[in-house]
Structures are given as structure tokens and as C-alpha cells.
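To start, the structure itself, in C-alpha cells.
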Amino acid sequence: MSEPSFTPRHIDVDNDAEVMRVDWADGHQSRIPITRLRGYCPCAECQGHGGPIAWHDNHVTGISHAEMVGRYAVLLVFADGHDTGIFRWDYLRKLDPEERSRWGEPENFGRATP
Ligand SMILES: [Zn+2]
């Protein structure tokens, strides 16, 4: 089983619209709400070690800093000061609400679809 690999061409944080926009190499455009990114932050502090991804309710609508991590991920610093979330491209793509029908919610990522 192989999953497609996703590469962003351009990432743009729009704090006024409270979204992060991603232009992907395959032509898809994502608009991901910042609250969604914060709520599904993949870092160990938010998610612990192992187990399914969990939603953390929040009202964070801003990103103060975004920084590439190598060629595989982006580090997001949220307006609440949380700065340990490293979002790999594949994970970021799956967080796009428009891709929900394809991947489900993060709680289900990595599980086989019946
Ligand atoms: Zn986190």
C-alpha cells in the first residue's frame, strides 16, 4: 500500500481569514482553519505518545510564525504561544476539510477503511 506524497508549492498564513492556505504541487489548494490546525496539533505535548490523534478544543485563530523544517514539514507557532507543532506535508494535506471524504477525520488516520 502506498499513499500519494504531497508537496506544497506555496504556504500562506491568513490570520484575518483565520486560515492557512496551501498550494500543492498537484494543483490542489487547501484552506485549513487555524483552529483545526491547533486542535489537531501533532506534537507529543498535544498527542502524547501513541494512540489515535485526538482533538483539542481551542479558540486559537492566529499563527504568529511558520517555518520550514527541512523539506518535509512546517513548524507552526500559534498565537497562544504553542510552538512545538511540526506538520508533515502528508498530515497537513489530510487536515484539509475538503479532503475529509478521502481520509476521514484525524482520529481515523492510519486505520484501514472497511
Ligand atoms: Zn502541539
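A short reminder: the numbers here are calculations on the coordinates, not readings from a lab. Quick caveat, the model's predicted, so the values are computed rather than measured. Positions of Cβ are generated from backbone atoms using ideal geometry, with glycine treated the same way; all protein chains shown enter the neighbour counts.
A dipole drawn for the chain from +1 and -1 charges on Cβ atoms has a positive end, and of Leu76, Pro106, Phe6 the residue lying farthest that way is Phe6. Each Cα pair under 8 Å and six or more residues apart adds its separation to the average, and for the range 37-92 the resulting relative contact order is 30 percent.
Once backbone amide H atoms are built at 1.01 Å from N, Cys43 has Ile86 as its partners under 5 Å, excluding neighbours fewer than 5 places away on the same chain.
Mind checking the dipole of the chain: about its Cα centre, +1 per Lys or Arg Cβ, -1 per Asp or Glu Cβ, Debye to the nearest 20? Could you put the intermediate results ahead of the total?
Details: 12 positive and 18 negative charges, 71 e Å.
Here the size comes out at about 340 debye.
Remark: C-alpha extents of the range 41-103 on the principal axes read 31, 27, 24 Å, sorted largest to smallest. Residues of the range 36-77 with an amide N closer than 19 Å to a point placed 7 Å from the Cα of Ala25 along the Cα-to-Cβ direction: 68-75.
For the chain, what is the mean residue ellipticity at 222 nm derived from helices alone (per DSSP H run of n ≥ 4: -39500 (n - 2.57); sum divided by total residues; nearest 500 deg cm²/dmol)? Walk me through the numbers on the way to the answer.
Numbers: 4 runs with 21 residues, N = 114.
Estimated from H runs of four or more residues: -3500 deg cm²/dmol.
Cysteines in the chain lacking any other cysteine Cβ under 4.7 Å from their own Cβ: Cys43.
Test of understanding: what is the full-extension gain from Glu18 to Arg88, defined as 0.36 nm times their sequence separation minus their Cα-Cα distance? Can you show the working numbers first?
Working: separation 70, 0.36 × 70 = 25.20 nm, distance 2.02 nm.
Working it through step by step, the gained length comes to 23.2 nm.
Percent of C-alpha pairs per 10 Å bin in the chain, short distances first: 14, 49, 33, 4.
Computed FRET efficiency, Cβ-Cβ of Asp80 and Thr7, R0 41 Å: what is it to the nearest 0.05?
Numbers: r = 29 Å, r/R0 = 0.70.
For R0 = 41 Å, the calculated efficiency reads 0.90.
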